[in-house]
Structures are given as C-alpha cells and as structure tokens.
Amino acid sequence: MMLQEEQFIPKPAEILEVNDMTSIEKLFRLKFIDEELERSFNYMPGQFVQVSVYGVGETTISICKSRTRPGPLELLVRRVGRVTNALHKLKSGDVVGIRGPFGNWFPVDEMEGHDVLLISGGLGMAPLRGVLQHILDRRERYGEVNLLYGVKGYEETLFKDEVLSPFKGEAGFRSFISFEKDDEFYESMMKRHPQFIKKGVVTVLFDLAESYIDPSNSYAVVAGPPVMYKFVLKELDKRGFPADRVYVTLERRMRCGVGKCGHCIIGGASSIAYVCKDGPVFSYFDILSIRGAI
C-alpha cells in the first residue's frame, strides 16, 4: 500500500517498446527506473494507473496485462486528447511518470470454480485482457470461458492474435465476434466460422453463444463504451444472470486517482461513489442503487 503522500508523486518509467495496434491505439511496454519499484510493483485485473507526459499533463490508463505474465507493464493508449496525443509521439527510451496502481479489481479469486463470460466493446478489451490472461494462466481453476467481442471491423480489432486464437485451436476459451461493417475479413470469417461470427453490435452475440452459457454457474464481466452497458446488462438480466455476479468497469472522468478531486463522482444525495476509489469495478447489484452510474 502506498503512503498517502506517495500517491501524488509520479514515478519515472522508461518506455521499452511501442507497437501500433490500430490507427488510433498503441500498446506501450514500460519499466520503472527504480529497480526495487519495478520488482515490487503489483496490480490486479481491472486496476489503472495515471500516466504523466512531462510538460503536458496526466491521463488515466487501464492496465491491460495480468501480473501472472512475466515482463513489463503494458498499457493500451487511444489517441483522443492532448496527453494521449503526446504519448503517441513518444518512442522507446523516452520516460514518462506513473502513479498507481489505483482502484479495485475484478474478483478473479471469487470467480474460481465458475464459468466466466467476458463481454467487450471496442477499447473495453484493454481491461478485459488482464482478466482473460489471469484465467488462462490458472485455467484449471475455472469452468467454461467465453468472450463476446464487438468491433467495428478487423482494423479496429484489438489484440488480434489473442482474441482470434480460438479459431486456430490455440486457446482455452471461445471467441464470438460481431462486426459492424462488411470488410474482407468479416466475409472470410463468416464462411469459415459462421457459428462464432455475426454482423451487428455485441448484443447480437448472445444468441450465438447461448448454448455455451449457463447463467446459474457463471460470472459476467463487462467493459466497453458507456452506451453499450444498458443494452448488455438488459441481455444478462433477461437470461437470468444474478446481479451480484455481473461486474462492470466504469472508467469515467477520473483525474486524481484517489478520490480527492471529485471529477468521477456518480450518484445523488442518497448514494454517491467515487469511481476511482470505490471502483472502477462495480457489481451490477451495487450500481442499481447509484443514480447515473449507467
């Protein structure tokens, strides 16, 4: 646990590698300059860090890797504003500041012995990747694992090799993927794997995956754009998923990471929550009583 004052001090980290994932997203691999911190830095799936570009500003980024995997910290950065634009201009050898990790995490230990349904839209695959890696590295502890992933098209698909690995017989989970547009890859996949591919948004995949899902023995984990949540939660509710076994991540307006600035407050007079401190992971049961959470 960090001392209170240390939570506000960015720690220097060197960029080891930068890889283009899509036209607007890059994967950064980083290590802390302080060797002791590099060895001791620990995190769980669903947590996030604050990344500083010196002289520009700070932004919130989800950790997209499980600590069960060796190697450096990995962060997926979408170019959407001033700080992320500056990050995208950096290269191997450059130094940034990192605070964290912050927030709670998906209850991967609680999920042991159950099936797990992962539901992602767009950039939501970043925090879910850590959950998936954690489960695959402890595969014998979990039941069936299914991924429902909604993307615009092949070019916008994140972690292509990983989410497509089930189609090559290389993974311990199933992938169901929806495409919003008819690109060449979609047409090819429809011919070869029509039982796992569908045109539309992520909710169209529930019918495809229905025979593989047992709501009475499953946990569901949801991450994606805010507009997606109410439709996905409606589908889970309709299929009988218990609200206390459905988890979502609410990454919104987070700035300080420790519940001091108030930018991420949700709820009203009777019930409020700080997304950065009380979350970003919440059960569906919990957010039912928080106004404006979804």
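Within the range 54-95, the set of residues being buried (at least 22 other Cβ atoms within 10 Å of the Cβ) and over 30 Å from residue 220 (Cβ atoms) comprises 87 only.
The single condition among (1) part of a helix (DSSP H, G or I); (2) within 21 Å of the chain's Cα centre (by Cα) that residue 191 does not satisfy is (2). The set of residues in the range 26-45 that are without any contact (Cβ under 8 Å) to a residue 24 or more places away in the chain and within 14 Å of residue 68 (Cα to Cα) comprises 39, 40. Residues of the range 19-52 that are more than 25 Å from residue 106 (Cβ to Cβ) and crowded, with 19+ Cβ neighbours inside 10 Å: 52 alone.
Only the coordinates and a few stated rules stand behind these numbers; no lab work does. Only a predicted model underlies this, so the values are computations on that prediction, with no experimental measurement involved. Note that we place each Cβ from the backbone using ideal geometry, even for glycine, and neighbour counts take in every protein chain shown.
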